[in-house]
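Asks: Right, I'll just put the structure down here and ask away after.
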Amino acid sequence: MPQLPRTAALVLLVAAAAEAQAPEVPAPLPELGQPAALPDGAPPHLAKIDRAELRTHAFWLADDARGGRHTASKGQQETAKYVADQWKKLGLKPLGDQKGYLQYYPLKRTALDPATALTFGTTKVTADFAVLAPDAVKLAAGGKFVYCGNGAPDAIPDGLAGKLPYVVLQGNAKSTGPGNDLQALQRYQQIAAQLGKHGASCGIVCLLGEVGSLGNLLNYRAVLPDHPRLAFGSDDRRRIDLAVPLVVLGPKPAALLLAHTGLDAEGTTTGKPTNDKAAGKLNLVVTQDDKATASNVVAVLEGTSKKNEAIVFSAHHDHVGRRLDGDAFNGADDNASGTAGLLEIAQAFAQGPKPERSIVFLSVSGEELGLWGSDWYGQHPTWPLERIVADINIDMIGRAAGTAAAIELQVTPSHQHDKYSSLVRDAVGLGAKFGVTFSSGDTYYARSDHFNFAKRGVPVVFFCDGEHPDYHMVTDTPDRLDYVKMEAIARLAAWTGWQAANAKGRPQELGKQAAW
Ligand SMILES: [Zn+2]
């Protein structure tokens, strides 16, 4: 059982304690100490970027209640509203659609209708499952459960029409990653094809154990409760071809179904279900909406003498949603940390002296799905692209290596990159004042939202701490972030933007250099 994030652990404990005694109060958060003094020469208003507020934002953004902030989910919409409300409170001017803070972009949404349920005995399964289906489905099936082993062709009997065939798969925690995900996908397709060939209109998969790829791939290929499958423009890479829809039950509901059919979960390979009268009903509704949308959040602080030009600060606020067992991918480092940083930077600018150039604050969604939100912004900029002189993007700034006095950070484009510019060179120089040393993050040059500015000719600098063992895991939780380092990194990013906003000229492209 993966370590549960603190908040979830609390919920379970509370349930237990409620019977015994008064609910437990969460352990007090560790002391963070006073905000660090600013380095010499730093604009004083950067002191408004402080570790305690960063933590408050990160805990809210990465709370289980946000459900992992999957694009177009309730959690992502709440998050977009949270960011917009913060910027409204700061008096920043909205720069989204129709004079609002939100900029909407079109999506094709394939979603699970809440009416979807599998019922058997006294059990009604409405959570901890996923549905693999190519397109919209409206299916009411019922009848006897028919055990089909692990879905191998010789384990599937004929005459499955009007029945509820089910297979049992053992997950494998070690089998993860793109290669295994593809194999798992093909496995599901083979099972569906076989079931369809034997007359079934759908199939049920009981996924047991540590799910691994058989579970992970569902996160972006299947639809789960409050977790739609999305397509953006021609990017419909997550659609899956399948002969019949499959309902994949997570370990909890799977165990309930096996108990109902009398199949001992351990003896799945050899055992036979003992309850041959076991029957159930499946009401499966998957809807498709070509007019769905998701949102970016955009605001501007107007500058002074050069106010028709702007610096953009960007960070994505979406993440990958919930796992099959309902556990949230909290996405504390990815990217509640960058979003908290963006909120604090906006506050410092909004409450500080006005810079010469304007400052655009851009909080996008759709990043995890393919940089969709920033791509849309690049196609439909609410500030003319030719007057955007730089983009400063932060994504994963809460788990930097090194110590508070010697922070190790990655940056791209590095001096080994064609697109290296004076913007990055100056940022590296400012970094030294915070004790930050840099290594090349060029492997991420095309993997976060700055890329949609860079590919449109805007000089960019991207700060990130690189991947760590909790990357895209349910263990990426806010209690594991380093708020002392985050404070320094957010201040560094802010200073980089302040400097570029007041610079005489625009950042200059330098191309590959021998050194920073
Ligand atoms: Zn990210």
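Rundown of residues vs (1) out of contact with any Lys or Arg (no Cβ under 8 Å at 6 or more places or on another chain); (2) farther than 18 Å from Leu342 by Cβ, yes/no style:
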{"site": "Ala400", "(1), (2)": "no, no"}
{"site": "Phe438", "(1), (2)": "yes, yes"}
{"site": "Arg456", "(1), (2)": "yes, yes"}
{"site": "Tyr471", "(1), (2)": "yes, yes"}
{"site": "Ala493", "(1), (2)": "yes, no"}
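Asks: Do we have Asp276 as open to solvent by 10 Å² or more (accessible area, probe 1.4 Å) and out of contact with any strand residue (DSSP E or B) (no Cβ under 9 Å at 6 or more places or on another chain) here?
Replies: So Asp276 fails the test.
Asks: Could you go through the stretch 343-366 and let me know if any residue there is among the hydroxyl-bearing types (Ser, Thr, Tyr), within 21 Å of Ile49 (Cα to Cα) and touching a His at 6+ places or on another chain (Cβ under 8 Å).
Replies: Within the stretch 343-366, the subset among the hydroxyl-bearing types (Ser, Thr, Tyr) is 358, 363, 365.
Adding the requirement that they be within 21 Å of Ile49 (Cα to Cα) leaves 358, 363.
When the remaining residues are screened for being touching a His at 6+ places or on another chain (Cβ under 8 Å), the result is 363.
Yes, the conditions are met somewhere in the stretch 343-366.
Asks: Note down all Cβ pairs under 6 Å where the first residue falls in the stretch 323-334 and is farther than 15 Å from His227 by Cβ, the second is away from the ligand (no atom under 11 Å from the Cβ) and β-branched (Val, Ile, Thr), and they're at least six residues apart or on different chains.
Replies: Ala332/Thr477
Condition check ((1) under 19 Å from the mean Cα position of the chain (by Cα); (2) at pLDDT below 95; (3) under 25 Å from Asp395 (Cβ atoms)) across all residues:
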{"site": "Met1", "(1), (2), (3)": "no, yes, no"}
{"site": "Thr7", "(1), (2), (3)": "yes, yes, yes"}
{"site": "Ala15", "(1), (2), (3)": "no, yes, no"}
{"site": "Gln21", "(1), (2), (3)": "no, yes, no"}
{"site": "Ala36", "(1), (2), (3)": "no, no, yes"}
{"site": "Pro44", "(1), (2), (3)": "no, no, no"}
{"site": "Ala47", "(1), (2), (3)": "no, no, yes"}
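Asks: Still on this model: Quick test for you: out of Ala36, Ala65, Ala58, pick the one residue that is open to solvent by 10 Å² or more (accessible area, probe 1.4 Å) and not in a loop (DSSP other than H, G, I, E, B). Explain how you work it out, then say what you get.
Replies: Details: Ala36 fails: not in a loop (DSSP other than H, G, I, E, B); Ala58 fails: open to solvent by 10 Å² or more (accessible area, probe 1.4 Å).
Of the residues listed, the single one that is open to solvent by 10 Å² or more (accessible area, probe 1.4 Å) and not in a loop (DSSP other than H, G, I, E, B) is Ala65.
To keep it simple, each residue is scored yes or no on (1) open to solvent by 40 Å² or more (accessible area, probe 1.4 Å); (2) modelled with pLDDT of 95 or more; (3) out of contact with any Asp or Glu (no Cβ under 6 Å at 6 or more places or on another chain).
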position	(1), (2), (3)
Pro381	yes, yes, yes
Arg387	yes, yes, no
Ala390	no, yes, yes
Phe451	yes, yes, yes
Lys455	yes, yes, yes
Met473	yes, no, yes
Asp479	yes, yes, yes
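Asks: Given the criteria within 16 Å of the ligand (Cβ to nearest atom), in the same structural domain as Tyr377 (by TED's automatic domain parsing) and open to solvent by 30 Å² or more (accessible area, probe 1.4 Å), does Thr443 qualify?
Replies: Working: within 16 Å of the ligand (Cβ to nearest atom): yes; in the same structural domain as Tyr377 (by TED's automatic domain parsing): yes; open to solvent by 30 Å² or more (accessible area, probe 1.4 Å): yes.
So Thr443 passes the test.
Asks: Regarding the stretch 112-121, can at least one residue be identified that is polar (S, T, N, Q), part of a loop (DSSP other than H, G, I, E, B) and in contact (Cβ under 8 Å) with a residue 60 or more places away in the chain?
Replies: Within the stretch 112-121, the first condition is being polar (S, T, N, Q), and the residues that meet it are 116, 119.
Next, only the ones that are part of a loop (DSSP other than H, G, I, E, B) stay: 116.
Now restrict to residues that are in contact (Cβ under 8 Å) with a residue 60 or more places away in the chain: 116.
Yes.
Asks: Another question, if that's okay. Select from the stretch 446-459 the residues that are out of contact with any His (no Cβ under 9 Å at 6 or more places or on another chain) and not in a helix (DSSP H, G or I) and write down the one among them that is nearest to the ligand (Cβ to nearest atom). First the steps, then the outcome.
Replies: Going residue by residue through the stretch 446-459, those that are out of contact with any His (no Cβ under 9 Å at 6 or more places or on another chain) are 446-447, 450-457, 459.
If we keep only those that are not in a helix (DSSP H, G or I) as well, we get 446-447, 450, 455-457, 459.
On the way: Ala446: 13, Arg447: 8, His450: 12, Lys455: 18, Arg456: 20, Gly457: 23, Pro459: 21 Å.
Selected residue: Arg447.
Asks: Could you tell me which of the residues Asp375, Asp395 is open to solvent by less than 20 Å² (accessible area, probe 1.4 Å) and within 24 Å of Ala294 (Cβ to Cβ)? Please lay out each step first, then the result.
Replies: Numbers: Asp375 fails: open to solvent by less than 20 Å² (accessible area, probe 1.4 Å).
It is Asp395.
Asks: Out of (1) among the basic types (Lys, Arg); (2) crowded, with 16+ Cβ neighbours inside 10 Å; (3) free of Cβ contacts under 8 Å to residues at least 24 places away in the same chain, the odd one out for Lys504 is which?
Replies: (2)
Asks: Right, something else. Identify, please: which residue in the stretch 462-488 is assigned to a helix (DSSP H, G or I) and touching a helix residue (DSSP H, G or I) at 6+ places or on another chain (Cβ under 7 Å) and is, among those, farthest from the ligand (Cβ to nearest atom)?
Replies: Looking only at the stretch 462-488, we keep the residues that are assigned to a helix (DSSP H, G or I), and these are 478-480, 483-488.
Next, from what is left, pick out any that are touching a helix residue (DSSP H, G or I) at 6+ places or on another chain (Cβ under 7 Å): 478-480, 483-484, 486-487.
Values: Pro478: 15, Asp479: 19, Arg480: 16, Tyr483: 18, Val484: 21, Met486: 15, Glu487: 20 Å.
By that ranking, first place goes to Val484.
The values are calculated or read from the model by the stated rules, or taken from the named source; none is laboratory data. Please read these numbers as outputs of a predicted model, since none were measured by experiment. With ideal geometry, Cβ positions are generated from the backbone for all residues, glycine too; neighbour counts draw on all protein chains shown. The area values use the complete protein model at the heavy-atom level, side chains included, leaving out ligands, DNA and RNA. Shrake-Rupley method; radii C 1.70, N 1.55, O 1.52, S 1.80 Å.
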